[in-house]
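The values are calculated or read from the model by the stated rules, or taken from the named source; none is laboratory data. All values reported here derive from a predicted model rather than from experimental measurement. Note that each Cβ is placed from the backbone with ideal geometry, even for glycine, and that neighbours are counted across all protein chains shown. Side chains included, ligands, DNA and RNA excluded: accessible areas come from the protein's heavy atoms. Shrake-Rupley method; radii C 1.70, N 1.55, O 1.52, S 1.80 Å.
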Amino acid sequence: MVPQQNVKVLAAVKGLEFEKLCIFILLCGVLLMSSGCKVEKIDASKKVEVAAGLIENESAAAVAPPSADLVAQKAATAELSAEIKKALASGEGPHVIKLRNGMSVLIKEDDRFPLVNVRLFVHAGSAYEEPEQAGISHLLEHMVFKGTKTRGPGETARAIESVGGDMNAATSFDYTVFYVEVPENEWKLGMDIVTDMTFNAKIDPEELKSEREVVLSELERGEDNPGSRIFKTLQSIVWKDTSYQWPIIGYRDTVKGLTSEDIHAYIDRLYQPQSMLLSVVGKIDPEAVAREAEKLCGSRDSVAPVVPPVSFPDTAVGKTTVKVIPGKWNKAYIGVAFPIPGLDSAKIAGLETMCELLGGGETSRLYRKFKYEKRMVDSISVSSLTLERAGMLYVFATLDADKVNEFWKELMIELSSVDFKDFTDREMDRVLINLEDSLFLTKETLSGLASKLGYFQFFEGGQQAEGNYLYDLRNITRDQLQQLYDEYFDPKKLAACILMPEGGENDAQVFQKSVGANWPVKTKSAAKVDNAGPGESATIKLANGSKLVFIPDETLPYTAFSMYWVGGDADLTPEEQGLAAMVSQSLTRGTESLNATELEDFVSDRATSLSATAGREVFAINAKFPSRFTSDILPLIDEIITRPRFAAEELDRARQDQVSAIKRKEDRPLSLAFRNIFPFLYKDGSYSYFHLGTPEIVDKFSREEIIDYWKKQSSRPFVISICGDYDREALAAFAEKLDGELVVKDTEVSIPAPHWGVEKDLTMTLPDRNQAHLMVIFPVPGMEDEEATAGLSLLRASLAGQSGLLFRDLRDKQGLGYTVTAFLWQAPKTGFMAFYIGTKPEQLDQALAGFDKTVKMLKAKDLPEEEILRARSILRGEYYQDHQSLLSRSREAASMIVKGFQPDLDQKIIEKASKIDAAEVRDLINKYINWDKRYTLTVKP
């Protein structure tokens, strides 16, 4: 994973197409090692087993006269309660109180969703380890799910998922954090689970033995990812001789050597209440939460001293360091890093501004030069990773191997001559508004809000840090940026790692000499629009068959816009595979009045996200923008739809990007699997296509083919769905205009059900990787069969998740893989259920046998009632968690309606699932989950 900006800016994962979403769910990153298979969590911690003595003291007091100490303790407790009540009465929060043992508690009431988010941060991560125990923090994070004093292995996850909640834990360099999100009436359960895992983990030696194998499997999977390999290499150079130099997950040898005694000693040393922050955010009663926090945590003493962290000295080697790692890659991957200070520095806002200007997006200086003007790279970015005691500036690029030498030279020349006086006011303003916007939008979801509040409180001492950060952003000058650049972009401290395809330049000295030769060391406001308001929810039918949907939400002053058509790949012949994807990539690269870079500038200046996507049966345009820019953005979308430029040079870039994307997918095992899954499963129709096409086909697409495709696609009736605090009148006028001028009546397309493929096994090989990936796939009905969809959704929920049947058997009991899950994919007329595991190549047969065993068990007897209840709760919880953002809700309504369903189909499915019993689920299993009719897809090293 390429490190993104500072952790202050927590990006939401939204709107990913099927393949990207699945890969994201199944992969974890480098910077946060998560213990589950879900996506959105942050880090995790463990337990401090120091409560036994306190409990014994309390028992003695019950039968003996109260001692002076006990009287004083009770008096202190009463006084604390008064202080807490006073703190909770001061304003709307967040309220921060401190328990008598030094533990901090952050409480924030937010009633937008019927949910409560509980997080427990612990000041302990991989940077607090000894070198010989590298990875112990992450292994501990795994082990908290393997049982506490009162809950057995998997019971914590089961308790949360059974009420429709979600949980996870992850480990970072400087901290770990537990995370649960539960329905509002289960907030006490959420707090109990989080504190139980933290303070009462069992660390059973036998469970540790099996979980150690899971972590080793996770480690191997990370080594298969180019970005992960580069980052791990660079951290060992940039942070040499500090505890940031080893990966969070540790090394094979250190992980293999860790014992339960080691973990308990680590807990005793670092898991002190005074080093913790308990955060509770959501639909709550603050006083009730405070009382529960006191009950659960107040009696736990801090029994070891806590030494405040001290910033690491700059330990960079003082000379240019380049490592070249040849391998079986389709693309070359380059990472360049420079050391920077940690969070206690006053320079953070300036460093982030500098990185955003240089490589923060498609309007940035390096992206424009090397992607658009010189066409040397597929992508390039510059970001700032700021940890507690040190940080890193990080440049990452992907390109063809034959361009590496030329690009490297040009990059060094460019970095040697950066002058911030060359950046325009427009560029400076654009960066400011986008950094502000990223920080502000974390509040859109409950999880994002909880993350932001917890971060500022835990690391920067309170919410005033956000104001300080924004003040610094708004007042940075070009001279200050130049000083920062000259100080930290230092060629003497440059560290680089290059993953080079076999046959390319692999002599690191060539690249090191190029740095010296080409980078000599230096001697040292938008218009406001009238808004008619969002009004009521409504679905409006337009004259030519299009529809307009309004979903009001005035929480944030933003508008989410989703416009969907039937079409996408469904309009293509086999010889045109990839054309819809190329049109979607080209559509937003210029209009009649704006070229590509001008359009990007226009959008970025207004803190707007805008994209076009093509699916296997739909085409869509999605946007989200501050509502005050409505009068700017709607005309732009109109022009994109009615007068796209499709300039020859942009089509060439889109063609190159698409071919590069194909090659990158074929470099990653899971990407390779998902690229091939549909052509493998289906033998005809749009579902049998390679969505991105093949390089040979893509290279032949002409401008005329692209124009013809878009003319046909855009003339069909559409669905526009709007969610947020929008200008209703302006949007209604916009939709009516497009429907009247663009749409041709009776041009709907009917998409028949595809036929399943004849071949039942597909095995692919990706050399020089560590893990094997196995999917067992069963054909099921599409969404049109609502009863089957409801029952199969229940089945999927019972199988997936940390307390799911697959996870408990193949991972917890057998230790076969880090990620074990099930997923259900459905289109209107077809679908499939898939079991997935990432495992060692020598364990593939055992994993396949485990799946077979699960199927036989499911067919032999009904699922227990508690499993059905848990699955129902999971479905309900997932829905609310996945539909917090404005754009997720606008997408849902538009995509459902354009496919012929009501916009609330998912909610109806959940309601139907609440009435399906175990016998009905087993009937569906016997009908559709047939081992003899399975499809098997395998990727081997």
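A single member of Arg643, Arg628 is at pLDDT below 95, open to solvent by 30 Å² or more (accessible area, probe 1.4 Å), more than 23 Å from Glu892 (Cα to Cα) and of a type in the set (Lys, Arg), and it is Arg628. The residues of region 233-246 that are outside any loop (DSSP other than H, G, I, E, B) and surrounded by 19 or more Cβ atoms within 10 Å (Cβ to Cβ), listed by number, are Thr233, Leu234, Gln235, Ile237, Val238.
Contact map, region 648-659: residues that are open to solvent by 30 Å² or more (accessible area, probe 1.4 Å) paired with residues that are at pLDDT 95 or above and outside any helix (DSSP H, G or I), Cβ distance under 6 Å, separation 6+ or inter-chain. No pairs are found. Do we find that Leu806 is within 28 Å of the chain's Cα centre (by Cα), outside any helix (DSSP H, G or I) and not acidic (Asp, Glu) in this structure? In short, no. Please state which of the following conditions Phe690 fails to meet, knowing it meets all the rest: (1) out of contact with any strand residue (DSSP E or B) (no Cβ under 6 Å at 6 or more places or on another chain); (2) under 26 Å from Phe901 (Cα atoms); (3) in a loop (DSSP other than H, G, I, E, B); (4) of a type outside the set (A, V, I, L, M). (2) is the only condition that Phe690 fails. Contact map, region 597-623: residues that are farther than 30 Å from Tyr689 by Cβ paired with residues that are charged (D, E, K, R) and buried (at least 22 other Cβ atoms within 10 Å of the Cβ), Cβ distance under 8 Å, separation 6+ or inter-chain. Pairs shown: Asp601/Arg430; Ser604/Arg430; Asp605/Arg430; Thr608/Lys624.
Using the structure shown, decide if Arg430 is charged (D, E, K, R) and in a loop (DSSP other than H, G, I, E, B). In short, no. Do the conditions hold for Asn518, that is, is it touching a Phe, Trp or Tyr at 6+ places or on another chain (Cβ under 9 Å) and either of a type in the set (S, T, N, Q) or modelled with pLDDT of 95 or more (or both)? It is true that Asn518 is touching a Phe, Trp or Tyr at 6+ places or on another chain (Cβ under 9 Å) and either of a type in the set (S, T, N, Q) or modelled with pLDDT of 95 or more (or both). Per the conditions (1) open to solvent by less than 10 Å² (accessible area, probe 1.4 Å); (2) touching a Ser or Thr at 6+ places or on another chain (Cβ under 6 Å), the sole criterion not satisfied by Asp761 is (1). Specify which of the listed residues (Ala581, Ala570, Ala560) is surrounded by 20 or more Cβ atoms within 10 Å (Cβ to Cβ), under 26 Å from Val659 (Cα atoms) and modelled with pLDDT of 95 or more. After applying the criteria, what remains is Ala581. Just one residue in the set Pro286, Pro247 is within 30 Å of Leu88 (Cα to Cα) and at pLDDT 90 or above; that residue is Pro286. If you go through region 353-388 and keep only what is open to solvent by 30 Å² or more (accessible area, probe 1.4 Å) and over 24 Å from the mean Cα position of the chain (by Cα), you end up with Arg365, Arg368, Lys369, Glu373, Lys374, Arg375. For region 684-713, the set of residues classified as open to solvent by 70 Å² or more (accessible area, probe 1.4 Å) and touching a Phe, Trp or Tyr at 6+ places or on another chain (Cβ under 7 Å) consists of Arg703 only. Cβ-Cβ distances below 7 Å connect the following pairs, each with a first residue in region 910-930 that is at negative phi, a second residue that is surrounded by 13 or more Cβ atoms within 10 Å (Cβ to Cβ) and of a type in the set (S, T, N, Q), and a separation of six or more residues or different chains: Ala913/Ser793.
For region 436-447, the count of residues that are under 30 Å from Arg119 (Cβ atoms), among the basic types (Lys, Arg) and within 30 Å of the chain's Cα centre (by Cα) is nonzero.
Taken over region 714-728, the criterion of being over 15 Å from Asn544 (Cα atoms), open to solvent by 10 Å² or more (accessible area, probe 1.4 Å) and not in a helix (DSSP H, G or I) is satisfied by Asp725, Asp727.
Listed here are the helices (runs of 4 or more DSSP H) enclosed by region 864-941 that have at least 3 residues being under 29 Å from the mean Cα position of the chain (by Cα) and surrounded by fewer than 22 Cβ atoms within 10 Å (Cβ to Cβ): 865-882, 886-898, 905-913.
Taking first residues from region 776-803 that are under 28 Å from Lys146 (Cα atoms) and partners that are modelled with pLDDT of 95 or more and of a type in the set (Asp, Glu), no Cβ contact under 8 Å between residues at least 6 apart in sequence or on separate chains turns up. Answer yes or no: is there a residue in region 322-345 that is among the hydroxyl-bearing types (Ser, Thr, Tyr), in a strand (DSSP E or B), surrounded by 18 or more Cβ atoms within 10 Å (Cβ to Cβ) and in contact with a Cys (Cβ under 9 Å, 6 or more places away or on another chain). The answer is yes; a qualifying residue exists.
Kindly evaluate Leu88 against the criterion of being surrounded by fewer than 22 Cβ atoms within 10 Å (Cβ to Cβ) and of a type outside the set (Val, Ile, Thr). Considered against the rule, which asks whether it is surrounded by fewer than 22 Cβ atoms within 10 Å (Cβ to Cβ) and of a type outside the set (Val, Ile, Thr), Leu88 comes out as yes. Being closer than 24 Å to Met167 by Cβ, touching a Ser or Thr at 6+ places or on another chain (Cβ under 9 Å) and open to solvent by less than 10 Å² (accessible area, probe 1.4 Å) is a description that applies to Ala797. Looking only at residues in region 135-171 that are within 20 Å of Pro114 (Cα to Cα), part of a loop (DSSP other than H, G, I, E, B) and not aliphatic (A, V, I, L, M), which one is nearest to the chain's Cα centre (by Cα)? Among those residues, the one meeting the criterion is Gly165.
Out of Lys452, Lys443, Lys492, one residue alone is charged (D, E, K, R), in a helix (DSSP H, G or I), open to solvent by less than 10 Å² (accessible area, probe 1.4 Å) and within 26 Å of Glu388 (Cβ to Cβ). It is Lys452. For Ala124, the conditions (1) more than 24 Å from Ala390 (Cα to Cα); (2) touching a Leu at 6+ places or on another chain (Cβ under 7 Å); (3) open to solvent by less than 40 Å² (accessible area, probe 1.4 Å); (4) part of a loop (DSSP other than H, G, I, E, B) are fulfilled apart from (1).
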